[in-house]
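Engineer: My questions all concern the structure below.
The values are calculated or read from the model by the stated rules, or taken from the named source; none is laboratory data. Treat the numbers as computed from the prediction; the structure is a model and nothing was measured. Cβ atoms come from the backbone with ideal geometry, glycine included; neighbour counts cover every protein chain shown. We work out accessible area using only protein heavy atoms, side chains counted, and drop any ligands, DNA or RNA first. Shrake-Rupley method; radii C 1.70, N 1.55, O 1.52, S 1.80 Å.
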Amino acid sequence: MAFIELKHLQKTYNNQQQFILKDINVDIQKGEFFVIVGPSGSGKSTLLNMIAGLENITAGVLTINGQEMNDEPPRNRQISMVFQHYALYPHLTVEQNILFNLKMRKISKKEQEKLLKDAVALTSLENHLSQKPHELSGGQQQRVALARAIVNDAPICLMDEPLSNLDAQLRAQMRTEIRRIQQKLGLTILYVTHDQTEAMTMGDRIMVLHEGVIQQIGKPLDLYNHPQNLFVARFIGSPKMNIARAICKEQQLIIEGEWKIELPQSIATTLPQQEEFLIGIRPEHLQKGGDLQMHVRSIEQLGHETHVTFYMPQEAWAAKWSGQHEIDAGTTLSISIDPQNIYFFDKETEKLLG
Ligand SMILES: Nc1ncnc2c1ncn2[C@@H]1O[C@H](COP(=O)(O)OP(=O)(O)OP(=O)(O)O)[C@@H](O)[C@H]1O
Ligand SMILES: [Mg+2]
């Protein structure tokens, strides 16, 4: 039995026909770091709030630890929450903020002290206990919100974009911190983000949501290597996977009517003949050298890596090469693509072919 089970969960507002979430099915194991990722408006927060008990469930069943939770109030769900806006009480000190819920629950002073000590050590807030939120940096405030969730001692923690207000460096640091605390305490975390890097680096598993529908659930590298449709293929990975229209004529792949690649028979036989489909190629799989001539549109030098974009009829392509390369915009480069690295998608359904 899974720790958290979502069975055919649906959400509509005001009995309208339009689904905000449609037939959500997933089992989450105890101690799992489960990431829900998707673009703005895809239904991530709604799903989290339904699990927390802050939004009602239109249809379907939510169970936690084998018990149906649909009609249980939030306090009975063994859950703590961390939001994007930390919602700290501005007039209370860090210590009072962390202990606020415990005081409301009339937990003994001694127990409060113990929980506070552990949470403060985990979040490295020892030197800030008497400060007020406005005296803290964004990252420190975020850690207070995290400490407040930890002292609640709930086995499940729901996090809704908790790092999106932080700068890039602090975000990277907090990613590791949250993961460390989660593993140390054996917490089950459901973590919402629209940032695919966060999803890839933190999650044991990832669920990709788009317009209220699950696109795919899997381990980070499974999603990266085996995306089931174009949406997942382009959502996971940066720069985005390159796409173009193509047809297959016998064993030749013709991209946008211009670039030709010989396919091994094993691949060619899985493709429709003389009928347009879409191909996808990751930026790191455009190789320097070869017989495809491409025009350089722009170049970005990152020091450890070089990003090049090429003009293409439909949408520019990106290449990502490690190290530093002397290339000028406006020039022509020779490129090759290993057919094994090409993804093929149906033009209408956008599902992976073959
Ligand atoms: N009270 C409501 N009534 C009607 N529609 C709503 C309501 N609340 C949210 N929605 C709609 O539900 C959809 C999903 O919203 P949700 O907040 O879950 O998205 P999200 O994935 O969390 O987006 P973001 O990344 O911007 O936070 C949106 O289209 C939104 O307009
Ligand atoms: Mg949201």
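Engineer: Using the heavy atoms of the protein chains and a 1.4 angstrom probe, tell me the accessible area per residue for the chain in square angstrom.
Structural biologist: 49
Engineer: Around ILE64, with a cut-off of 11 angstrom between Cβ atoms, what is the net charge of the other residues, counting Lys and Arg +1 and Asp and Glu -1?
Structural biologist: Cβ neighbours under 11 Å give a net charge of -1.
Engineer: A further question on this structure: Residue by residue through the range 188-201, which ³J(HN,Hα) values in whole Hz follow from phi under the Karplus form 6.51 cos²θ - 1.76 cosθ + 1.60 (θ = phi - 60°), with glycine and proline marked x?
Structural biologist: Result, ordered by residue: 9, 10, 10, 10, 9, 8, 9, 9, 5, 5, 4, 4, 5, 7 Hz.
Engineer: Quick one: length gained pulling HIS325 to LYS30 fully straight, 0.36 nm per residue minus the C-alpha distance?
Structural biologist: Extra length from HIS325 to LYS30 when fully extended: 101.5 nm.
Engineer: Something else: For the pairs LYS44/LYS320; LYS11/LYS351; LYS30/LYS351; LYS219/LYS288; LYS260/LYS347; LYS7/LYS240, note any where the Cα-Cα span goes beyond 22 Å.
Structural biologist: Going by Cα-Cα distance, LYS44/LYS320; LYS11/LYS351; LYS30/LYS351; LYS219/LYS288; LYS7/LYS240 fall outside the 22 Å limit.
Engineer: If amide H atoms are built 1.01 Å from N in the plane of the peptide, which residues on other chains or at least 5 residues away come under 5 Å of the amide H of ILE20?
Structural biologist: LYS11, THR12, TYR13
Engineer: Using label points projected 7 Å from each Cα along Cα→Cβ, tell me how many nm separate HIS226 and PHE83, to one decimal.
Structural biologist: 3.9
Engineer: Listed highest first by mean packing, meaning other Cβ atoms within 10 Å per residue, what order do 289-298, 29-38, 219-228, 66-75 come in?
Structural biologist: Ranked from most to least packed, the peptides come out as 29-38, 219-228, 289-298, 66-75.
Engineer: Please list 3J(HN,Hα) in residue order for the range 109-121, calculated via the Karplus relation 6.51 cos²θ - 1.76 cosθ + 1.60 where θ = phi - 60°; whole Hz, with x for glycine and proline.
Structural biologist: Whole-Hz 3J(HN,Hα) from phi for the range 109-121: 4, 5, 5, 4, 4, 5, 4, 4, 4, 5, 5, 5, 5.
Engineer: Could you work out, for the range 4-162, what percent of all Cα-Cα pairs fall into each 5 Å distance bin, beginning at 0 Å and stopping at the bin that holds the largest distance?
Structural biologist: Computed distribution, short to long bins: 2, 8, 16, 19, 17, 14, 11, 8, 4, 1, 0.
Engineer: So what's the back-of-envelope 222 nm ellipticity for the chain, counting only DSSP H runs of four-plus at -39500 (n - 2.57) apiece and dividing by all residues, rounded to 500?
Structural biologist: So the helix-based figure for the chain works out to -7500 deg cm²/dmol.
Engineer: Around GLN287, what is the net charge, scoring Lys/Arg as +1 and Asp/Glu as -1 over all other residues with Cβ under 12 Å from its Cβ?
Structural biologist: Net local charge, GLN287 excluded: 0.
Engineer: Let me ask something else about it. Considering only GLN16, GLN173, GLN215, give the residue with the highest GNM mean-square fluctuation for the chain, with springs between Cα atoms whenever their separation is below 10 Å.
Structural biologist: GLN16
Engineer: Residues of the range 192-232 with backbone nitrogen within less than 11 Å of a virtual label 7 Å along the Cα-to-Cβ line of ASP23, please, listed as ranges.
Structural biologist: Flagged as within label range: 214.
Engineer: List the relative contact order of the range 221-290 as a percent without decimals, with contacts defined as Cα pairs under 8 Å and 6+ residues apart.
Structural biologist: About 31 percent, as a whole number.
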